[in-house]
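What follows is a short report on a single structure.
The values are calculated or read from the model by the stated rules, or taken from the named source; none is laboratory data. This one's a predicted model, so the numbers in the text were calculated from it and none came from an experiment. No Cβ is skipped: glycine too gets one built from the backbone with ideal geometry, and neighbour counts run over all protein chains shown. Areas reflect the complete protein model, heavy atoms only, side chains present, ligands, DNA and RNA absent. Shrake-Rupley method; radii C 1.70, N 1.55, O 1.52, S 1.80 Å.
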Amino acid sequence: MTVSRRTILASAGAAAATAVASRAMGQSFAFKPNQRYPDSAVEILDPSFAKYRLYSSTLEQLASGMRWAEGPVYFPDGGYLLVSDIPNNRIMKYSEKDGSTVFRSPSNYANGNTRDRQGRLVTCEHSVTRRITRTEKNGKITVLADSFEGKRLNAPNDIVVKSDDTIWFSDPTFGILGDWEGFKAKPEQANTNVFRIGTDGKLTAVITDLVNPNGLAFSPDEKKLYVVEWKGTPNRSIWSYDVAADGSVSNKSKLIDAADQGALDGFRVDRDGNLWCGWGSNGALRSEPTEINGHKVYQLKGKPEDLDGVMVFNPQGKPIGFIRLPERCPNLTFGGPKGNRLYMASSHSLYSLYVEAHGAT
């Protein structure tokens, strides 16, 4: 085989570009997968969860080196996944073919991402611009919402598209509370709302009484909307609402209470109506300090190593399964060629697990 100088230079350039694109901007962690089937990381809390566990599937680490992985979304037509790395102000791209590369930088501290019914990326820009955008097929960015009643949005967080093409998103204040996930700024909205963008572009506040709403998703028949209340009282919760044909919601009821140690964040619903929820420590401290090495230390109520992972609840709110992860999981999504691969954006890394379940949408 003859190798030309041009070929050598092109190969060197491509290798350099890949190295720059994949360079870690956060800690990378080695991961040792379980060699035995079934994987002990998949815990059955109720016999009803057994049918969703694939006996010969184990947890995999696909990429590492992020600072806070969030908002994963899978694109079946391209066979790749996008995931936000919020503190690093970028969106990463993972594909089986090319591995992990940078998709967009800067990303205006993008948080939640989803795919609309036309296969376009819809993104919550968490800070700086504080808006909802859609990336057209030609790469052009279209602004869908950046203000409500003449005032800037807070910090759009998580997002979902309904089958009628309406777009629903949460608008807490996380992205403007400090300089970690963006830039500190004063909220302009009186409330932390859940919004709906109609097909006519009209923005409506459909839920106004939750304190920092976070993850949200619809039931498989879209007759119910589930929303995480991050500052719920006394604990983080998932609230259920009935959804009317006109887009209004009613009959608020608590479906899941995370208790005083667990932390709910992003989640997805499968075709059977189960809720697959990102899980971890909520950082709550014990009321009294513990003496450690001569110092009084206020320790966490629960150990992160016991809480980090994905908690699965049935449609009635009962925990039925737990996927134990080596890092806290803020968000997740279903994807893969058959839709049965669970992708888990977990702090510094992206993990996956093949399951006998498929995303509802």
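Brief remarks follow.
- Two-site label geometry, Asp257 and Arg36: point separation in nm, points 7 Å out along Cα→Cβ: 3.7 nm
- Close amide H pairs (under 5 Å, H built 1.01 Å from N) link Asn212 with Thr192, residues at least 5 positions away or on another chain.
- In the chain, the portion of solvent-accessible area held by carbon and sulfur atoms comes to 50 percent [1.4 Å probe, whole percent, DNA, RNA and ligands not counted].
- Simple spin-label estimate for Tyr55 and Asn191 in nanometres, 7 Å along Cα-Cβ: 5.1 nm
- Cα centroid of segment 248-304 to Cα centroid of segment 18-89, whole Å: 21 Å
- Computed from backbone phi, the HN-Hα couplings of segment 165-179 come to 6, 6, 10, 10, 8, 9, 9, x, 10, 3, x, 10, 7, x, 9 Hz, rounded to whole numbers (Karplus: 6.51 cos²θ - 1.76 cosθ + 1.60, θ = phi - 60°; Gly and Pro given as x).
- 222 nm mean residue ellipticity, helices alone, for the chain (DSSP H n ≥ 4; -39,500 (n - 2.57); rounded to 500): -2000 deg cm²/dmol
- Two-site FRET efficiency, Ser287 against Gln316, from Cβ-Cβ distance with R₀ of 25 Å, rounded to 0.05: 0.20
- Kirkwood estimate for the chain, i.e. one over the average of 1/r between Cα atoms, Å: 21.1 Å
- Calculated diffusion of segment 19-79, Stokes-Einstein form, Kirkwood radius summed over Cα pairs, 37 °C and 0.692 mPa s, µm²/s: 222 µm²/s
- Applying both filters, DSSP loop and at most 13 other Cβ atoms within 10 Å, to the trypsin sites (Lys or Arg not before Pro) of segment 220-272 gives Lys223, Arg271.
- Principal axis extents of the C-alpha atoms in segment 305-361 (largest first, rounded to whole Å): 30, 28, 15.
- Amide proton proximity set for Ala284, modelled H, under 5 Å, gap of 5+: Lys301
- Sparse packing (at most 13 other Cβ atoms within 10 Å of the Cβ) combined with a DSSP loop state is found for the following trypsin sites (Lys or Arg not before Pro) in segment 127-162: Lys137, Lys140.
- Given R0 = 25 Å, the distance between the Cβ atoms of Asp272 and Ala245 translates into a calculated FRET efficiency of 0.55.
- Packing order of peptides 305-311, 244-250, 326-332, highest average first: 326-332, 305-311, 244-250 (average count of other Cβ atoms within 10 Å over each peptide's residues).
- Qualifying GluC sites (Glu not before Pro) in segment 100-159, where qualification requires a DSSP coil assignment and no more than 10 other C-beta atoms within 10 Å, comprise Glu149.
- Charge-dipole axis of the chain as Lys and Arg at +1 and Asp and Glu at -1 on Cβ define it, positive-most pick from Trp230, Val249, Ile323: Ile323
- Placing +1 on the Cβ of every Lys and Arg and -1 on the Cβ of every Asp and Glu, with nothing else charged, gives the chain a dipole about its Cα centre of roughly 900 debye.
- Eligible aspartates and glutamates near Lys93 by straight Cα distance, threshold 15 Å, same-chain separation 8 or greater: Glu70, Asp77, Asp85
- Ratio of Rg to Rh over segment 112-157 (Cα coordinates, Kirkwood Rh, two decimals): 0.99
- When both segment 320-361 and segment 151-228 are represented by their alpha-carbon centers, they are found 23 Å apart.
- Checked against a 28 Å cut-off, the cross-linked pairs Lys303/Lys338; Lys32/Lys318; Lys224/Lys318; Lys137/Lys224; Lys231/Lys252 give Cα-Cα distances beyond that limit for Lys303/Lys338; Lys32/Lys318; Lys137/Lys224.
- If R0 equals 25 Å, the separation of the Cβ atoms of Leu300 and Thr208 corresponds to a calculated FRET efficiency of about 0.15.
- Using heavy atoms of the protein chains and a probe of 1.4 Å, the accessible area assigned to Asp164 is about 60 Å².
- Overall form of segment 95-243 per C-alpha gyration tensor (a/c, 1.5; a/b vs b/c): rounded
- For segment 229-361, the spread of Cα positions along each principal axis, largest first, Å: 60, 36, 22
- Evaluated over segment 236-285, the Cα radius of gyration and Dmax, each in Å: 13.2, 43
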